[in-house]
Amino acid sequence: MKKYCLALFSLFCGFLSSPAIARKVYFNEVFTDSTLRIDYMFSGTKQTQHIALKALSKTSGWYGRRHHLGEQLLRGNGQLVVLDAATKDTVYQHSFSSLFQEWQNTEEATRLERSFDNSFLIPHPQRPVEVVCTLTDTHNRVTSELRHVVDPKDILIRDRSMDVQTPWRYIWKGGDSRECIDIAIVAEGFNEEQMPDFLAMCDTTMLALMSHEPYRSQIQKFNFVAVMPRSVQNGVSIPRKGVWFDTALGAHYDTFYTDRYMTIPSVNRLYDICTGIPFEHFIILANTTQYGGGGIFNSYTIASAKSPRSKLEVIVHEFGHSFGGLGDEYFYDDMYETWYPADTEPWEPNLTTLVDFGSKWQDMLPEGTAIPTVPDGQDVTTKVGVYEGGGYQSKGVYRPTQECRMKVNEVKEFCPVCQRAIRRLIDFYTARE
């Protein structure tokens, strides 16, 4: 009885704190064919979070989805909800994860306060809207929230439509940006003379990514553009070796003191470089042979452009994070903090704690499948089950197959569950009336 009452209370509180229920939103009734960029600062410690508005700007053209505007397919670790300021109807939603929230799970966050910038794009509204930015913890509870009204007539919204653009070009165009997913491949650590090499690497990257299902059969739903900011110096910084370079994005290894983890210090800078260019998702190719990279959901993928393993392994895996919202399926149990508590169902579609397994791949299990499923070494990428070990934890978190691109880089394909999850996202982004 006590658990039942607590559940009802939590549900009631959720209704009180959640934005208005989404109705069907027609793009041309609510938005203009232009983009509003919102820059935030996320800061805090392990125990504290702060969200601050940094800047607003606009550019011509909207390259994101035009349907399912008031919906979100994956929850992420943060949400951006846009409400009509007058009616409080939900008119747009976007979910994301952030490097700041990853950092909060490190030991450093127990003794230091840090800040991280973030940028998000929404279609430019025709009339005032209320934007609600929230961050959630590993229990999917809202831990920080910022609400602010955006009036499209605000004179402090900087119009950057005529700003000088970074050189760019299409390397593949599956169709109109209004109906396709736009991927920007961005150069990092390349000078002017090396741009031909970068463009060749863009082709290789695109072909490697699109050689995997479900991208391969849906290539006409994607556009790829090569973005060519010139760096003063060639290469990528490696702090543990005392090597620092002056590059377009300032990318470096040793993020959170992890050798192979490469990130960029400013997401705002990435968006500055791509101002006016059609994009929804980023792949950053770093001019280095050093193995490594990173991928953050609805933020960016970054990987070595010259590592022998990068094209067929790291980029495909990390894009599974940044585009597909997929979780890591490997495990080792030496994390400073548990990312997937036993009482909470992960939002990632390829991980479960069995709290709400019915919302995951239960419908894909062969009849009679044992839960948990004992690995047998047969059909390791296609035999769907419930295998213990995933999300960096050997106990309490389960993955769909024995092996997958999200667990082992050497595996050639995504498992059936990951393929379905990616396909659903592609359909969500490219839906038509």
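The values are calculated or read from the model by the stated rules, or taken from the named source; none is laboratory data. The structure presented is a predicted model; accordingly, all values stated were derived computationally and were not measured. Backbone-built Cβ (ideal geometry, glycine too); neighbour counts: all protein chains shown. SASA here: full protein model, heavy atoms, side chains in, ligands and nucleic acids out. Shrake-Rupley method; radii C 1.70, N 1.55, O 1.52, S 1.80 Å.
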Could you please let me know if GLU318 is within 15 Å of the chain's Cα centre (by Cα) and either among the acidic types (Asp, Glu) or closer than 30 Å to ARG158 by Cα (or both)? yes
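Out of the residues in the range 371-428 meeting the condition of being of a type in the set (Lys, Arg) and either open to solvent by 40 Å² or more (accessible area, probe 1.4 Å) or assigned to a loop (DSSP other than H, G, I, E, B) (or both), tell me which one is modelled with the lowest pLDDT. Give the steps one after another, and end with the answer.
Taking the range 371-428 first, the residues of a type in the set (Lys, Arg) are 383, 395, 399, 405, 407, 412, 420, 423-424.
Adding the requirement that they be either open to solvent by 40 Å² or more (accessible area, probe 1.4 Å) or assigned to a loop (DSSP other than H, G, I, E, B) (or both) leaves 383, 395, 405, 407, 412, 420, 423-424.
Working: LYS383: 96, LYS395: 94, ARG405: 94, LYS407: 96, LYS412: 87, ARG420: 98, ARG423: 98, ARG424: 98.
Taking the candidates together, the pick is LYS412.
Please tell me if ALA86 is surrounded by fewer than 19 Cβ atoms within 10 Å (Cβ to Cβ) and in contact with a Lys or Arg (Cβ under 9 Å, 6 or more places away or on another chain). If you could, list the steps in order and put the result at the bottom.
Values: surrounded by fewer than 19 Cβ atoms within 10 Å (Cβ to Cβ): yes; in contact with a Lys or Arg (Cβ under 9 Å, 6 or more places away or on another chain): yes.
Criteria met by ALA86.
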When only residues in the range 339-370 that are open to solvent by less than 30 Å² (accessible area, probe 1.4 Å) and outside any loop (DSSP other than H, G, I, E, B) count, which is farthest from SER322 (Cα to Cα)? PHE357
When CYS274 is run through (1) open to solvent by less than 20 Å² (accessible area, probe 1.4 Å); (2) out of contact with any strand residue (DSSP E or B) (no Cβ under 6 Å at 6 or more places or on another chain), the failure sits at (2)
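Mind checking which residues of the range 22-61 are among the hydrophobic types (A, V, I, L, M, F, W, C) and under 22 Å from the mean Cα position of the chain (by Cα)? Steps first, please.
Here is the first cut: in the range 22-61, the ones among the hydrophobic types (A, V, I, L, M, F, W, C) are 22, 25, 27, 30-31, 36, 38, 41-42, 51-53, 55-56.
The answer is LEU36, ILE38, MET41, PHE42, ILE51, ALA52, LEU53, ALA55, LEU56.
Hey, any hits in the range 245-254 for a residue that's free of Cβ contacts under 8 Å to residues at least 60 places away in the same chain and exposed (fewer than 15 other Cβ atoms within 10 Å of the Cβ)?
Of all residues in the range 245-254, those free of Cβ contacts under 8 Å to residues at least 60 places away in the same chain come to 245-247, 250, 252-254.
Filter once more, keeping what is exposed (fewer than 15 other Cβ atoms within 10 Å of the Cβ): 246.
Yes - at least one qualifying residue is present in the range 245-254.
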State the number of residues belonging to the range 204-226 that are modelled with pLDDT under 95, of a type in the set (Val, Ile, Thr) and open to solvent by less than 50 Å² (accessible area, probe 1.4 Å). 1
So which pairs qualify, if the first residue must be in the range 276-292 and without any contact (Cβ under 8 Å) to a residue 60 or more places away in the chain and polar (S, T, N, Q), the second must be part of a strand (DSSP E or B) and crowded, with 18+ Cβ neighbours inside 10 Å, the Cβ gap must be under 8 Å, and the two must be at least 6 apart or on different chains? THR289/SER304; GLN290/ILE238; GLN290/SER304
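Okay, residues lined up against (1) of a type in the set (S, T, N, Q); (2) within 20 Å of PRO265 (Cβ to Cβ); (3) at pLDDT below 95:
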{"residue": "ASP89", "(1), (2), (3)": "no, no, no"}
{"residue": "SER97", "(1), (2), (3)": "yes, yes, no"}
{"residue": "GLN101", "(1), (2), (3)": "yes, yes, no"}
{"residue": "GLU108", "(1), (2), (3)": "no, yes, no"}
{"residue": "ARG111", "(1), (2), (3)": "no, no, no"}
{"residue": "SER119", "(1), (2), (3)": "yes, yes, no"}
{"residue": "ARG127", "(1), (2), (3)": "no, no, no"}
In the range 73-85, how many are assigned to a loop (DSSP other than H, G, I, E, B) and of a type outside the set (D, E, K, R)? 5
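Given ARG147, ARG169, which one is more than 20 Å from the chain's Cα centre (by Cα), closer than 27 Å to GLN218 by Cβ and part of a strand (DSSP E or B)?
Numbers: ARG147 fails: closer than 27 Å to GLN218 by Cβ.
Only one candidate qualifies: ARG169.
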Top-ranked residue of the range 26-72 - restricted to ones that are in a loop (DSSP other than H, G, I, E, B) and open to solvent by less than 30 Å² (accessible area, probe 1.4 Å), ranked as farthest from VAL142 (Cα to Cα): GLY61
Output the number of the condition that PRO229 fails; it satisfies all remaining conditions of (1) outside any loop (DSSP other than H, G, I, E, B); (2) modelled with pLDDT of 95 or more. (1)
Any residue at all in the range 93-109 that's hydroxyl-bearing (Ser, Thr, Tyr), assigned to a loop (DSSP other than H, G, I, E, B) and farther than 24 Å from HIS50 by Cβ? no
